[in-house]
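Rule-based calculations on the coordinates, nothing more; no lab input. Quick caveat: nothing in here was measured; it's all calculated off a predicted structure. Neighbour counts are summed over all protein chains in view; Cβ atoms, including those assigned to glycine, are modelled from backbone coordinates with ideal geometry.
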Amino acid sequence: MHDKLTVATVLKPQGIRGEVKVKALTDSAEDLKGLKKLFIDGVEYPVLSVRAQGDFAYMGLKGVADRNAAELLRGKDMLAERSEMPELPDGRYYIVDLIGCEVVTERGDFIGEVTEVTPAKTDIYTLDAGGKSITFVAADGVITEVDVAARKITVNEKRFREVSL
């Protein structure tokens with residue numbers, strides 16, 4: 001498992017004092033409030049303040065003192081240590097933990113390997129199936145089991161065929 005998770009993307013500077021507006025890549029921007037430090041391009045930034053509003057947050061970072069410094073962070077991903085993130089409820093997983101998992105049917109037939117998960121109301125999974133790309137929506141009844149430790153996702157073959165492209 002990865003020890004750092006991508007938790008937000010810097011959208012733009014906010015004001016003249018170095019604050020940045022970020023798009024949270026977590027279930028809620030509220031998840032960012034408990035963070036003590038973030039990493040951007042490998043540089044550690046202690047978190048000074050967080051104001052959450054919906055999917056967005058306004059953050060003050062130590063070392064980002066003005067609008068010019070904040071502008072340099074535009075478009076960059078913010079990473080946090082996994083240990084600082086809230087515990088996930090049962091049935092929820094960090095996307096980084098799903099990438100590389102093999103997808104198999106309930107009979108054990110290999111379908112492909114997860115290469116991407118696009119967060120949406122119903123997440124969209126992209127698989128590499130021997131050089132062919134397969135996309136499917138994680139609609140009700142498609143995924144029957146996720147075993148992150150074993151790197152395996154089991155799907156109901158009938159439902160998978162109904163929703164895959």
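Computed over every Cα-Cα pair of the stretch 95-163 and binned at 10 Å starting from 0, the pair-distance distribution P(r) comes out as 22, 63, 14 percent. By the helix-only formula, in which each DSSP H run with n ≥ 4 contributes -39500 (n - 2.57) and the sum is divided by residues, the chain has a 222 nm mean residue ellipticity of -2000 deg cm²/dmol. Phi angles across the stretch 143-153 convert, under the Karplus curve 6.51 cos²θ - 1.76 cosθ + 1.60 with θ = phi - 60°, into 3J(HN,Hα) values of 8, 9, 7, 10, 10, 4, 4, 8, 6, 9, 10 Hz, Gly and Pro given as x. Counting other Cβ atoms within 10 Å, which GluC sites (Glu not before Pro) in the stretch 57-135 have at most 10 and lie in a DSSP loop? Those satisfying the criteria are Glu87. Of the chymotrypsin sites (Phe, Trp or Tyr not before Pro) found in the stretch 46-101, none is in coil by DSSP with at most 10 other Cβ atoms within 10 Å of its Cβ. In sequence order, the stretch 25-36 has phi-based couplings of 9, 10, 4, 8, 5, 4, 4, 7, 5, x, 7, 9 Hz under the Karplus curve 6.51 cos²θ - 1.76 cosθ + 1.60, θ = phi - 60°, and Gly or Pro positions carry x.
In the chain the longest region clear of trypsin sites (Lys or Arg not before Pro) that are loop-assigned by DSSP and have at most 11 other C-beta atoms within 10 Å covers 37-91. Couplings for the stretch 75-87, taken from phi via the Karplus curve 6.51 cos²θ - 1.76 cosθ + 1.60 with θ = phi - 60°, read x, 8, 7, 10, 10, 10, 5, 3, 5, 8, 7, x, 5 Hz in order; Gly and Pro are left as x. Dividing the Cα radius of gyration of the stretch 4-84 by its Kirkwood radius returns 0.91 for Rg/Rh. Could you tell me what a quarter of the Cα convex hull surface of the chain works out to, in nm² with one decimal place? The directionally averaged projection comes out at 10.4 nm². Taking a threshold of 27 Å on the Cα-Cα distance, which of the pairs Lys132/Lys152; Lys21/Lys132; Lys76/Lys121; Lys12/Lys33; Lys36/Lys152; Lys132/Lys158 fall above it? Among Lys132/Lys152; Lys21/Lys132; Lys76/Lys121; Lys12/Lys33; Lys36/Lys152; Lys132/Lys158, the Cα-Cα distance tops 27 Å for Lys21/Lys132; Lys36/Lys152.
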